[in-house]
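Everything on this sheet refers to the single structure shown next.
The values are calculated or read from the model by the stated rules, or taken from the named source; none is laboratory data. On a predicted model such as this, the values are computed, not experimentally measured, just so you know. Ideal geometry is used to build each Cβ from the backbone, glycine not excepted, and the neighbour counts take in all protein chains shown. The area values use the complete protein model at the heavy-atom level, side chains included, leaving out ligands, DNA and RNA. Shrake-Rupley method; radii C 1.70, N 1.55, O 1.52, S 1.80 Å.
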Amino acid sequence: MSIKLTRKKFSVQLPDSAIASLTGHSILNTVPMSEMAFLILHNWLEEHHGELVEHYEQLSREASKGIGAVEHQILGEYKRRAASLNEATVSQITLSLPIYDNRRLIGHAHKRSVSKAEMARQILVPWLEEHQGTIDRFYERAAAWMEIGIDEAREQLMEEFKKASR
């Protein structure tokens, strides 16, 4: 017997400042940007899984249906009304989530009446802002080690990261 972990791909639009912060975290953790974003989303989904279960249980009671039927209905609604996010200054990152995380993300998006991409943005941007101090300290240490200015160190590290990502 073989098990195939199917993945769902989608694009998330982030403000350029968030992309820069995500790039910094990727450099610090030596992972691709899409993997860093996946780790952030997955951890958030794990922490908030109980809220989603409660939401489904409540909808199940209200509709007198099983939780599986409620989730199936929500996934169907998402497919019919999926919308993209429009912002003035944004860059896109393509994410790939395992089916389980994808379904949970859709559930949270339904709960907040937003698209899946907007839900991902609402998770990623606050996390990046909350952890910006870690990146600032990383660049300060890198600049001291490289014996150059912080801005120059940031530019060099980002350029090296972009070259390695090609």
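Kindly flag which residue pairs out of Lys9/Lys65; Lys9/Lys79; Lys8/Lys65 have an alpha-carbon separation exceeding 21 Å in this structure.
Table pairs above 21 Å Cα-Cα are Lys9/Lys65; Lys8/Lys65.
Sorted by accessible area (1.4 Å probe), largest first, how do Tyr78, Tyr100, Tyr139 line up?
I get Tyr100, Tyr78, Tyr139, largest accessible area first.
Sticking with the crude label model, points 7 Å out along Cα→Cβ, report the distance from Ile150 to Val114 in nm, one decimal please.
2.9
On the first, second and third principal axes, largest extent first, how far apart are the outermost C-alpha atoms of the stretch 14-110 in Å?
48, 28, 18
Between 0 and 90 degrees, rounded to the nearest ten: what's the tilt of helix 49-63 against the longest Cα principal axis of the chain?
It works out to around 20 degrees.
Please give, to one decimal in nm, the separation of the simple spin-label points placed at Thr134 and Ala63, each 7 Å out from Cα toward the Cβ.
3.7
Given H placed 1.01 Å from N in the peptide plane, which residues other than close sequence neighbours of Ser91 have an amide H under 5 Å from its amide H?
The list, which skips near neighbours in sequence, is Leu14, Asp16.
With a cap of 13 neighbouring Cβ atoms within 10 Å, and only residues DSSP puts in a loop, list the GluC sites (Glu not before Pro) found in the stretch 53-161.
Counting only loop positions with at most 13 other Cβ atoms within 10 Å, the GluC sites (Glu not before Pro) in the stretch 53-161 are Glu87, Glu147.
If you place +1 on the Cβ of every Lys and Arg, -1 on the Cβ of every Asp and Glu, and leave all else neutral, what size is the dipole of the stretch 1-71 about its Cα centre, to the nearest 20 Debye?
Value, rounded to 20: 420 debye.
Kindly state, to the nearest 0.05, the FRET efficiency for Ser17 paired with Glu46, given R0 = 25 Å and r defined as their beta-carbon distance.
0.45
Which one, (1) 66, 41, 27; (2) 118, 34, 30; (3) 80, 28, 23, gives Cα extents along the principal axes in Å as derived from the coordinates shown?
Read-out from the structure maps to (1).
Using the Cα centre as the reference, give the magnitude of the dipole from point charges on the C-beta atoms of the stretch 68-157 (Lys, Arg: +1; Asp, Glu: -1; all else neutral), rounded to the nearest 20 debye.
Here the stretch 68-157 has a charge dipole of around 800 debye.
Helix 132-146 against the longest principal axis of the chain: what's the angle in degrees, Cα atoms only, rounded to the nearest 10?
Result, in degrees: 30.
Give me, ordered by chain and number, the residues 5 or more places off His48 or on other chains with an amide H under 5 Å from its own placed amide H.
none
For the stretch 91-103, in order, what is each residue's ³J(HN,Hα) by Karplus, 6.51 cos²θ - 1.76 cosθ + 1.60 with θ = phi - 60°, in whole Hz (x at glycine and Pro)?
10, 9, 10, 8, 10, 9, 10, x, 3, 4, 5, 4, 5
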